[in-house]
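Before any comments, here is the structure.
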Amino acid sequence: MVILSVVGTKGGIGKTTLTANLSALAADMGLRVLMVDADIQGSLSKFYQLGKNADDGLTSVVISGRVSESAISTTVWERLDIIVCDAPRRKFAGIETTDLEQFIQGRIDAPMILRKALRSPIIEDNYDLVFIDTPGAQGPLLYTAALAAHRLISPVLPETPSAREFRTGTFELLLKLEEAQALGISPGPLTAVINRVGHTNDARQITKEIRDSYLEMRGLVTVAETMIPASVAYNEAATALLPVHRLKRRDRGVTPSDTMHELIWELVPSLSGVYAGGYEGGSQSEGGER
Ligand SMILES: Nc1ncnc2c1ncn2[C@@H]1O[C@H](COP(=O)(O)OP(=O)(O)OP(=O)(O)O)[C@@H](O)[C@H]1O
Ligand SMILES: [Mg+2]
């Protein structure tokens, strides 16, 4: 079981979109996948239709420090489950979830809460891959979600201010996470994914800037070879409640499905060469098109 947290210190860079699309693709490739919505905004919780809508969600996990079956919802996609962010409507053990960040902050074991809850038999036995979506601002929820992960993924937009923000923000985040070393835990390595590359963006320059700051970032940051083009398909798929690899669309010869396949092969090497729906080089998957 591998836990990947999708992080960033900036809003609107594509964290939720990436989490939802990679999760559904991995599930379509045959892995048992759990998504965890650790952002109070709850965007990931609304990304796909749910199958079984569980009574509980993130609140119970954070407050009780464990995942019970009643916290896991299913989605309409096979092998894809989710722990929804039930804030702010839920109360658990008398605690309102609007106070979730405050609750975490007040705990001595704050950085360990999600790590302990997710690296547990119920998750180990039932899932191959866990994707955690996180808030776009630094805070206790982001820290505990980031420290739960074996590896971190961070979208970065190919614009110079954004790359600078990535460098300073991510460096700050990594420094913050390193404080947990006092508790015997280290943050996992971080892979930056250049997202929303347009015609005019000099993505190569940004990639170089990030690569140049590799040492400054404690050698913990690498840049994925696969870059995600800017495409309305990501928005269209989200509006249609579909994973983008199931959407029939081609932009300048590349389908979002091609891009997502390449990216997941890079991020999860055990999936290398596997196609959604299980068709080698396949053009048609069970539920949609590549
Ligand atoms: N490759 C892409 N091309 C075009 N649009 C994209 C791409 N990736 C994401 N988007 C769009 O960018 C917007 C922001 O994406 P998303 O909500 O995933 O960001 P976020 O980092 O999760 O934001 P927040 O910090 O608010 O949680 C959405 O409208 C999404 O459809
Ligand atoms: Mg989001």
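The values are calculated or read from the model by the stated rules, or taken from the named source; none is laboratory data. Worth saying up front: this structure is predicted, and the values here are computed from it rather than measured. Because the Cβ atoms are built from the backbone with ideal geometry, glycine has one as well, and the counts that use them run over all protein chains shown.
General observations
- Cβ-Cβ contacts under 7 Å between residues 6 or more apart (or on different chains), taken from a first residue in the range 228-251 that is polar (S, T, N, Q) to a second residue that is within 12 Å of ligand 1 (Cβ to nearest atom) and not in a helix (DSSP H, G or I), are listed as 231/251.
- Enumeration of residues in the range 131-146 that are within 16 Å of residue 176 (Cα to Cα) and either touching a residue at least 40 places away in the same chain (Cβ under 8 Å) or within 12 Å of ligand 1 (Cβ to nearest atom) (or both): 134, 135, 136, 137, 138, 141, 142, 144, 145, 146
- Boolean, residue 198 is within 23 Å of residue 226 (Cβ to Cβ), touching a residue at least 40 places away in the same chain (Cβ under 8 Å), surrounded by fewer than 16 Cβ atoms within 10 Å (Cβ to Cβ) and not acidic (Asp, Glu): yes
- Hits in the range 187-229 - residues which are at pLDDT below 90, touching a helix residue (DSSP H, G or I) at 6+ places or on another chain (Cβ under 9 Å), of a type in the set (S, T, N, Q) and assigned to a loop (DSSP other than H, G, I, E, B): 213
- Candidates 244, 232, 274, filtered to the one that is loosely packed, with under 12 Cβ neighbours inside 10 Å and modelled with pLDDT of 90 or more: 232
- The conditions of being among the hydroxyl-bearing types (Ser, Thr, Tyr), in contact (Cβ under 8 Å) with a residue 12 or more places away in the chain, within 16 Å of ligand 2 (Cβ to nearest atom) and surrounded by fewer than 24 Cβ atoms within 10 Å (Cβ to Cβ) are met by residue 9.
- Here residue 108 meets each of (1) of a type outside the set (D, E, K, R); (2) under 14 Å from the mean Cα position of the chain (by Cα); (3) more than 23 Å from residue 22 (Cα to Cα) with one exception, condition (2).
- Test result for residue 43, more than 11 Å from ligand 2 (Cβ to nearest atom) and of a type outside the set (D, E, K, R): no
- Once the range 128-163 is narrowed to residues that are charged (D, E, K, R) and surrounded by fewer than 24 Cβ atoms within 10 Å (Cβ to Cβ), the residue that is farthest from ligand 2 (Cβ to nearest atom) is 128.
- Taken over the range 41-73, the criterion of being away from ligand 1 (no atom under 14 Å from the Cβ) and surrounded by fewer than 17 Cβ atoms within 10 Å (Cβ to Cβ) is satisfied by 49, 50, 51, 52, 53, 55, 64, 65, 66, 68, 69, 70.
- Helices (runs of 4 or more DSSP H) contained in the range 57-137 and holding at least 2 residues modelled with pLDDT under 95: 58-64, 100-105
- Tally of residues being closer than 24 Å to residue 104 by Cβ and more than 15 Å from ligand 1 (Cβ to nearest atom) across the range 5-40: 1
- For residue 163, the requirement of being modelled with pLDDT of 90 or more and more than 12 Å from ligand 1 (Cβ to nearest atom) is not met.
- Applying the condition of being more than 9 Å from ligand 2 (Cβ to nearest atom) and among the small types (Gly, Ala, Ser) to the range 12-40 and asking which residue is surrounded by the fewest Cβ atoms within 10 Å (Cβ to Cβ) yields 30.
- Residue 25 being modelled with pLDDT of 95 or more and either in a loop (DSSP other than H, G, I, E, B) or out of contact with any His (no Cβ under 9 Å at 6 or more places or on another chain) (or both): no
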